[in-house]
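Student: Just passing along the structure, written as structure tokens.
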There are 2 protein chains.
Amino acid sequence: MPGLSLVCDFCGRVFPVSENRVLCECGGLLHVEAARASVSWETLRSRRFRLWRYRELIPLPPGTPIVSLDEGGSPLVQATRLSEELKVNVMVKLEGSNPTGSFKDRGMTVAASMAKFLGAKALIAASTGNTAASMSAYARRAGMIPVVLIPSGKIAEGKLGQLRLYGAVIVEVEGGFDEAMGAVLEYSVRGGDAYTVNSINPWRIEGQKTAAFEVADEAGAPGWVAVPVGNGGNIYSIWKGFKELKELDLIDELPRMLGVQAEGAAPIAKAYTTKVYEPIKEPKTIASAIRIGNPVHWKRVLNTVRESGGSIVSVSDEEIIWAQRTLARLEGLGVESSSAVTLAGLKKAINGKLVDKNEKIVLIATGNALKEPQTMNLHETATLKIPTLKIADTTILSEILKSITKFESPEHF
Amino acid sequence: MPGLSLVCDFCGRVFPVSENRVLCECGGLLHVEAARASVSWETLRSRRFRLWRYRELIPLPPGTPIVSLDEGGSPLVQATRLSEELKVNVMVKLEGSNPTGSFKDRGMTVAASMAKFLGAKALIAASTGNTAASMSAYARRAGMIPVVLIPSGKIAEGKLGQLRLYGAVIVEVEGGFDEAMGAVLEYSVRGGDAYTVNSINPWRIEGQKTAAFEVADEAGAPGWVAVPVGNGGNIYSIWKGFKELKELDLIDELPRMLGVQAEGAAPIAKAYTTKVYEPIKEPKTIASAIRIGNPVHWKRVLNTVRESGGSIVSVSDEEIIWAQRTLARLEGLGVESSSAVTLAGLKKAINGKLVDKNEKIVLIATGNALKEPQTMNLHETATLKIPTLKIADTTILSEILKSITKFESPEHF
């Protein structure tokens with residue numbers, strides 16, 4: 001493929017894209033190198049507001065069949081009350097509107113298309129979360145078999161719903177998550193009928209960067225973009241997206257990137273301060289989608305933060321729950337706990353004088369609140385028991401309305 | 001408001017829209033009467049592909065503040081394999097991509113805007129399902145208090161997640177769902193600080209009809225549109241939407257409407273055959289969102305079906321589960337069980353020679369699969385236990401891939 005190859009971040013070795021490969025022989029991460037396309041906003045905006053509007057900017061071998069569920073084009077909602085409270089201009093990008101309920105679908109449409117190009121018969125990933133759900137849907141869309149490797153006996157039942165619905169083959173591997181992931185990695189080095197779509201997959205990055213395109217498309221380049229950081233692929237992708245737009249003269253300024261980790265799973269935020277990266281053996285946080293102790297993309301995240309003049313912070317579970325409730329009750333936005341970290345991180349950044357007054361900030365809300373039934377149930381609300389209401393009793397309702405202000409949460413800020 | 005009023009379906013009485021009222025004094029349903037606007041596809045298509053693209057066609061009093069979560073613009077996905085199997089052209093409209101995961105958001109953005117216009121302090125509904133979730137989000141978006149009336153002690157915990165997240169005030173009413181609904185109805189007749197957004201609300205219809213606009217906008221008027229029928233408001237709304245487009249010369253032909261009920265909750269489908277309408281005391285079906293024994297809009301649904309030259313059928317829980325699995329595993333589409341009824345109904349209509357070969361059919365998938373964690377878990381999948389995979393073991397994966405075809409579901413059709 002002229003002008004299209006896979007290149008190792010670490011040793012610089014180059015591989016043809018026709019090879020079923022997602023890691024370098026040296027173990028280093030691969031990235032896609034492509035001849036830069038030229039395209040105008042006018043051309044892009046003449047198409048439906050969905051991910052593939054940006055097709056010139058998503059490199060794939062010519063003739064690759066696109067495996068799509070009409071992903072992308074997610075809402076970018078103005079958070080008016082939050083903006084007033086925080087004295088900045090906050091917008092929230094609701095990635096939970098994607099087909100399987102998270103941003104993972106952006107990368108998966110590209111990776112599944114690539115798998116189709118390679119003639120793979122199955123998609124494979126070690127995951128039980130949003131990646132596995134997305135992978136399963138796109139595998140089915142492509143007529144391939146979804147295969148999920150998980151640590152034997154360590155997965156909560158509630159996590160398996162989407163996998164069951166899409167009929168993923170679940171392979172329980174003895175050992176922990178590291179062993180399951182190790183198995184996938186070994187397999188990806190060797191190639192085969194299955195195509196690996198874990199975080200290391202370089203084509204997923206090319207899909208995930210489109211979140212930046214959509215933000216710029218609708219609202220220009222903001223001052224800051226806040227992104228939850230688990231494995232770190234998303235903040236790296238979104239930063240890549242903005243840089244590409246700048247190179248193409250489609251935006252004038254670059255945003256600063258604010259990475260947000262959960263306190264119990266914050267090896268990158270810690271390394272940013274201490275200059276020493278240490279994986280965390282037993283990561284702990286309520287935000288399960290970013291509960292990762294040894295992020296694959298940790299170096300890329302540190303580069304992103306430094307290059308963009310941004311920062312990376314960590315927030316506690318208490319702050320995460322506060323942020324999730326605040327987004328829901330102040331703005332009507334239902335996001336999963338791992339997405340809510342962005343608001344908690346923004347508040348921290350404002351308190352730390354990182355973010356200026358009236359700056360424009362986009363929070364990337366990576367997943368839908370519906371992904372976590374248990375977490376939604378953690379939130380308290382008022383329950384009143386009353387006798388059956390008859391016509392004469394409607395005064396009771398008026399009384400209720402008068403009295404329920406006390407159940408409101410004035411302690412938002 | 002010149003050219004805008006509420007009119008009773010039954011007695012024809014006219015009410016001003018400035019009154020907090022959702023039912024006629026005679027108990028009849030109200031509908032919105034508005035001077036017909038004129039607009040071109042060119043104007044409509046110059047805007048973002050979202051619900052409010054169609055603003056000229058959504059009647060509201062001038063100056064009404066719009067309460068929006070960027071709803072609408074849901075995907076319309078081609079179901080290629082299904083189409084091949086069924087020998088018709090099937091497209092699926094994924095309403096689960098809406099902000100709270102169901103089509104209810106279409107009506108709620110209009111009803112909540114109307115509540116704002118009326119100066120209401122709370123939105124109120126008797127519901128624990130998609131209506132209550134949507135109402136809660138839009139109430140919060142509008143800065144109002146969501147109040148949900150439910151039968152005391154009869155609601156499954158799992159249904160309350162979104163209500164807890166958005167902080168709805170939950171009022172437990174002694175008695176059953178009828179008593180809770182009765183209380184809301186009484187309250188709506190009397191008016192007050194709360195605005196009723198149950199199925200009877202006439203403004204929700206004006207929002208829900210936009211699903212028809214979007215279908216026609218993207219794919220013209222199909223031969224058939226299949227819609228799940230619970231209370232019946234949605235099929236009536238969508239039919240209204242198509243009729244309005246025809247009156248405006250924006251489409252040439254009208255589709256036929258296929259209503260689909262669940263067998264254990266099918267009073268309208270039964271009345272269509274027997275010519276006698278009888279409510280069902282204890283409706284039973286796995287499809288909880290359409291588990292309704294005495295649908296508010298039953299007459300409107302029968303009119304819709306007759307007027308459009310369509311039909312209304314019922315399907316069993318077994319057929320519903322089959323349809324949900326088939327949409328997921330053949331097309332990668334995750335929809336809730338109440339949405340899957342449309343595919344089961346389509347199959348029945350094809351078998352009954354109602355639908356011709358190669359006709360274009362749109363299935364309205366009203367809600368996201370994520371709404372029903374328990375139902376997703378009903379689906380079987382293959383689970384294999386293997387020892388930790390080392391490099392040498394990757395042949396095991398090849399073996400797995402060879403053998404898993406037996407876990408596939410060849411009994412799709």
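The values are calculated or read from the model by the stated rules, or taken from the named source; none is laboratory data. Predicted model, so just to flag it, every value in this text is computed and none were measured. In this analysis, Cβ positions are derived from the backbone assuming ideal geometry, glycine residues included, and neighbour counts consider all displayed protein chains. We work out accessible area using only protein heavy atoms, side chains counted, and drop any ligands, DNA or RNA first. Shrake-Rupley method; radii C 1.70, N 1.55, O 1.52, S 1.80 Å.
Student: Please find, within the stretch B:304-314, the residue that is nearest to B:Val225 (Cα to Cα) out of those that are open to solvent by 30 Å² or more (accessible area, probe 1.4 Å) and in contact (Cβ under 8 Å) with a residue 24 or more places away in the chain.
Tutor: B:Gly309
Student: Let me ask something else. Would the stretch A:190-199 turn up any residue that is within 12 Å of chain B (Cβ to nearest Cβ), among the β-branched types (Val, Ile, Thr) and out of contact with any helix residue (DSSP H, G or I) (no Cβ under 9 Å at 6 or more places or on another chain)?
Tutor: No: zero hits.
Student: So A:Val171 fits all but one of (1) at the interface with another protein chain (Cβ under 8 Å from one of its Cβ atoms); (2) surrounded by 24 or more Cβ atoms within 10 Å (Cβ to Cβ); (3) at pLDDT 90 or above; what number is the exception?
Tutor: All conditions are met except number (3).
Student: I'd like to verify a number: residues in the stretch B:375-404 that are at pLDDT 80 or above and at the interface with chain A (Cβ under 8 Å from one of its Cβ atoms), how many?
Tutor: 6
Student: Residues being crowded, with 22+ Cβ neighbours inside 10 Å, within 12 Å of chain B (Cβ to nearest Cβ) and of a type outside the set (Ser, Thr, Tyr): count how many of those fall in the stretch A:92-121.
Tutor: So the answer is 12.
Student: Looking at the stretch A:108-157 only, could you name the residues that are among the polar types (S, T, N, Q) and either within 24 Å of A:Ile292 (Cβ to Cβ) or not in a helix (DSSP H, G or I) (or both)?
Tutor: Here is the first cut: in the stretch A:108-157, the residues among the polar types (S, T, N, Q) are A:109, A:113, A:127-128, A:130-131, A:134, A:136, A:152.
Selection gives A:Thr109, A:Ser127, A:Thr128, A:Asn130, A:Thr131, A:Ser134, A:Ser136, A:Ser152.
Student: Can you confirm whether B:Met135 is surrounded by 20 or more Cβ atoms within 10 Å (Cβ to Cβ), of a type outside the set (Phe, Trp, Tyr), out of contact with any helix residue (DSSP H, G or I) (no Cβ under 9 Å at 6 or more places or on another chain) and touching a residue at least 40 places away in the same chain (Cβ under 8 Å)?
Tutor: Spelling it out, it is not the case that B:Met135 is surrounded by 20 or more Cβ atoms within 10 Å (Cβ to Cβ), of a type outside the set (Phe, Trp, Tyr), out of contact with any helix residue (DSSP H, G or I) (no Cβ under 9 Å at 6 or more places or on another chain) and touching a residue at least 40 places away in the same chain (Cβ under 8 Å).
Student: Moving to a separate point now. Can you tell me how many residues in the stretch B:256-275 are open to solvent by 30 Å² or more (accessible area, probe 1.4 Å) and under 24 Å from B:Lys360 (Cβ atoms)?
Tutor: Counting residues in the stretch B:256-275 that are open to solvent by 30 Å² or more (accessible area, probe 1.4 Å) and under 24 Å from B:Lys360 (Cβ atoms) gives 2.
Student: Out of the residues in the stretch B:56-91 that are of a type in the set (D, E, K, R) and facing chain A (nearest Cβ under 9 Å), which is surrounded by the most Cβ atoms within 10 Å (Cβ to Cβ)?
Tutor: B:Glu71
Student: Which of the residues that make up the stretch B:15-35 are in contact (Cβ under 8 Å) with a residue 40 or more places away in the chain and open to solvent by 60 Å² or more (accessible area, probe 1.4 Å)?
Tutor: B:Ser18, B:Glu19, B:Glu25
Student: State which residue is modelled with the lowest pLDDT when the search covers only the stretch B:354-373 and only residues that are touching a Gly at 6+ places or on another chain (Cβ under 8 Å) and more than 14 Å from chain A (Cβ to nearest Cβ).
Tutor: At the first step, the residues of the stretch B:354-373 found to be touching a Gly at 6+ places or on another chain (Cβ under 8 Å) are B:355-356, B:359-361, B:365-371, B:373.
Now restrict to residues that are more than 14 Å from chain A (Cβ to nearest Cβ): B:355-356, B:359-361, B:366.
Details: B:Val355: 95, B:Asp356: 91, B:Glu359: 95, B:Lys360: 97, B:Ile361: 98, B:Thr366: 98.
Checked the stretch B:354-373; the qualifying residue modelled with the lowest pLDDT is B:Asp356.
Student: Something else about it: Any residue in the stretch B:42-55 that is farther than 30 Å from A:Leu333 by Cα and either open to solvent by 70 Å² or more (accessible area, probe 1.4 Å) or under 25 Å from the mean Cα position of the chain (by Cα) (or both)?
Tutor: yes
Student: Of B:Ala349, B:Ala344, B:Ala323, which residue is assigned to a helix (DSSP H, G or I), touching an Asp or Glu at 6+ places or on another chain (Cβ under 6 Å) and at pLDDT 95 or above? Lay out the reasoning, then the answer.
Tutor: Numbers: B:Ala349 fails: touching an Asp or Glu at 6+ places or on another chain (Cβ under 6 Å); B:Ala323 fails: touching an Asp or Glu at 6+ places or on another chain (Cβ under 6 Å).
None of the others qualify; the one that does is B:Ala344.
Student: Do the conditions hold for A:Glu186, that is, is it within 14 Å of chain B (Cβ to nearest Cβ), in a helix (DSSP H, G or I) and at pLDDT 95 or above?
Tutor: Taking the combined requirement at face value, the residue does not satisfy it.
Student: I'd like to check something: does the stretch A:227-236 contain any residue that is surrounded by 24 or more Cβ atoms within 10 Å (Cβ to Cβ) and more than 30 Å from A:Met181 (Cα to Cα)?
Tutor: no
Student: Next question, about the same structure. Taking the condition of being in contact with a helix residue (DSSP H, G or I) (Cβ under 6 Å, 6 or more places away or on another chain) and either modelled with pLDDT of 95 or more or among the charged types (D, E, K, R) (or both), how many residues in the stretch B:25-58 meet it?
Tutor: Of the residues in the stretch B:25-58, 10 are in contact with a helix residue (DSSP H, G or I) (Cβ under 6 Å, 6 or more places away or on another chain) and either modelled with pLDDT of 95 or more or among the charged types (D, E, K, R) (or both).
Student: Of the residues that sit in the stretch B:122-132 and are over 18 Å from B:Gln208 (Cβ atoms) and among the small types (Gly, Ala, Ser), which one is surrounded by the most Cβ atoms within 10 Å (Cβ to Cβ)?
Tutor: Across the stretch B:122-132, the extreme among qualifying residues is B:Ala126.
Student: Same structure, new question: Within the stretch B:192-211, is there a residue that is surrounded by fewer than 22 Cβ atoms within 10 Å (Cβ to Cβ) and modelled with pLDDT under 90?
Tutor: Checked against the condition, which is being surrounded by fewer than 22 Cβ atoms within 10 Å (Cβ to Cβ) and modelled with pLDDT under 90, the stretch B:192-211 yields at least one hit.
Student: Scan the stretch A:141-160 for residues that are facing another protein chain (nearest Cβ under 8 Å) and farther than 24 Å from A:Asn234 by Cα and jot them down.
Tutor: If the condition is that a residue be facing another protein chain (nearest Cβ under 8 Å) and farther than 24 Å from A:Asn234 by Cα, then A:Gly143, A:Ile145, A:Ser152, A:Glu157, A:Gly158 are the ones that fit.
Student: Would you pick out the residues in the stretch A:323-353 that are in contact with a helix residue (DSSP H, G or I) (Cβ under 7 Å, 6 or more places away or on another chain), facing another protein chain (nearest Cβ under 10 Å) and open to solvent by 10 Å² or more (accessible area, probe 1.4 Å)?
Tutor: Those that are in contact with a helix residue (DSSP H, G or I) (Cβ under 7 Å, 6 or more places away or on another chain), facing another protein chain (nearest Cβ under 10 Å) and open to solvent by 10 Å² or more (accessible area, probe 1.4 Å): A:Arg329, A:Leu330, A:Gly334.
Student: Could you give every pair whose Cβ atoms fall below 8 Å, whose first residue belongs to the stretch A:36-48 and is closer than 17 Å to B:Arg50 by Cβ, and whose second residue is surrounded by 13 or more Cβ atoms within 10 Å (Cβ to Cβ), counting only separations of at least 6 or pairs across chains?
Tutor: From the stretch A:36-48, the pairs are A:Arg45/A:Arg53; A:Arg45/A:Asp217; A:Arg47/A:Arg53; A:Arg48/A:Gly73; A:Arg48/B:Phe49.
Student: Being in contact (Cβ under 8 Å) with a residue 12 or more places away in the chain and within 30 Å of B:Ala37 (Cβ to Cβ), is that true of even one residue in the stretch B:258-275?
Tutor: Yes - at least one qualifying residue is present in the stretch B:258-275.
Student: What single numbered condition from (1) aliphatic (A, V, I, L, M); (2) over 26 Å from B:Leu163 (Cβ atoms); (3) in contact with a Leu (Cβ under 8 Å, 6 or more places away or on another chain) fails to hold for B:Leu44?
Tutor: Every condition holds for B:Leu44 apart from (3).
Student: Additional query: Being part of a helix (DSSP H, G or I) and open to solvent by 10 Å² or more (accessible area, probe 1.4 Å) is true for just one of B:Glu282, B:Glu218, B:Glu278, B:Glu253. Which residue is that? Break it down into steps so the answer makes sense when it comes.
Tutor: Details: B:Glu282 fails: part of a helix (DSSP H, G or I); B:Glu278 fails: part of a helix (DSSP H, G or I); B:Glu253 fails: part of a helix (DSSP H, G or I).
Exactly one of B:Glu282, B:Glu218, B:Glu278, B:Glu253 is part of a helix (DSSP H, G or I) and open to solvent by 10 Å² or more (accessible area, probe 1.4 Å), namely B:Glu218.
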